[in-house]
Amino acid sequence: MELKDKVALVTGGARGIGKAIALCFAASGADIVVADVNIEAAESTAKEIEAGGRKALAVSMDVTDFAKVEEALNKILDNFAKVDILVNNAGITKDNLLLRMSQQEWDAVLDVNLKGTFNCIKAVSRPMIKQRSGRIINIASIIGIIGNPGQANYSASKAGIIALTKTAAKELSSRNINVNAVAPGFISTEMTAKLPEELKEKMKQAIPLSRFGSPEDIANVCLFLASDDASYITGQTIVVDGGMVMA
Ligand code: NDP
């Protein structure tokens, strides 16, 4: 699958799943904007991409702040003149049981995961509408489909992303912009490394393929959705979870 000379913006692209997506897209011929709150880590990922022969730009971007997103987008357009692909990957967790969950824990997760996705879609849709083409891929989660004790904020944010994906797909389809979501299951990254070992073992037993996914498992599906091979797919949520959730 080829993304030759496409420009892809990956939020939260400094590490974890976002970094794997950035490296995978670059290996397929795309130039990459690594957007993250962690600018040092974003710069290090950008250097890795450049070492592989593609252009890369690290930008400091907090997805919760629309003005900052627009500022970063202007910088991206100055450098690359277009954005072909947006991957809304930036996401956080702040787990707590519903009764103990603070307003701050609720707001922080909804702000980054859901409002951040909205902010970035809104910002890039303008240049994408002008160029009459684009691909938007939103990273949801199976928790947005099945729920999970201790993750009221996270599950609501990810369910919101799935609904937002459908609405954006309907609104932008006439401009040849496809919008899809990927819902990962349990993927080995720093986000999941902090979970207790006992819980991880229990979760592994619930996965028919008997292993946790790798960031590359998610990146490969994003590559397909960004490629010409997926040109007739929009508004969908592709579950990538080793079979944990079956409809
Ligand atoms: P990580 O925590 O490893 O990486 C997330 C990245 O996003 C970090 O670089 C982080 O920066 C950055 N980030 C956090 N907040 C913001 C913000 N406000 N603006 C811009 N960037 C930000 O997460 P994963 O790679 O594990 O997860 C990536 C996505 O995949 C998330 O949306 C997550 O919900 C989703 N997902 C992950 C699963 C998993 O099992 N790992 C399962 C299902 C979904 P910093 O380093 O400063 O924190």
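Overview of results
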quantity	calculated
Residues that are buried (at least 22 other Cβ atoms within 10 Å of the Cβ) and in contact with a helix residue (DSSP H, G or I) (Cβ under 8 Å, 6 or more places away or on another chain), drawn from the stretch 32-57	32, 33, 34, 35, 36, 45, 49, 56, 57
Scan of the stretch 13-32 for residues that are within 14 Å of the ligand (Cβ to nearest atom) and in contact with a Lys or Arg (Cβ under 9 Å, 6 or more places away or on another chain), ordered by number	13
Flag if residue 94 is over 22 Å from residue 184 (Cβ atoms) and not hydrophobic (A, V, I, L, M, F, W, C)	no
Residue within the stretch 72-86 that is in contact with a Leu (Cβ under 9 Å, 6 or more places away or on another chain) and part of a loop (DSSP other than H, G, I, E, B) present	yes
Failed item, numbered, when residue 54 is tested on (1) under 23 Å from residue 188 (Cβ atoms); (2) in a loop (DSSP other than H, G, I, E, B); (3) free of Cβ contacts under 8 Å to residues at least 60 places away in the same chain	(1)
Subset of the stretch 194-218 that is part of a helix (DSSP H, G or I) and in contact with a Lys or Arg (Cβ under 9 Å, 6 or more places away or on another chain) - its residue that is nearest to the ligand (Cβ to nearest atom)	215
Pairs with Cβ under 6 Å, 6+ apart, first in the stretch 68-81 and among the aromatic types (Phe, Trp, Tyr), second modelled with pLDDT of 95 or more and not in a helix (DSSP H, G or I)	80/7
When residues of the stretch 38-87 are limited to those that are hydroxyl-bearing (Ser, Thr, Tyr) and in contact with a Gly (Cβ under 7 Å, 6 or more places away or on another chain), the one farthest from residue 113 (Cα to Cα)	45
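The values are calculated or read from the model by the stated rules, or taken from the named source; none is laboratory data. Computed from a prediction, not measured in an experiment: that's the story for all the values here. Here Cβ is always computed from backbone atoms with ideal geometry, including for glycine, and neighbour counts include all displayed protein chains.
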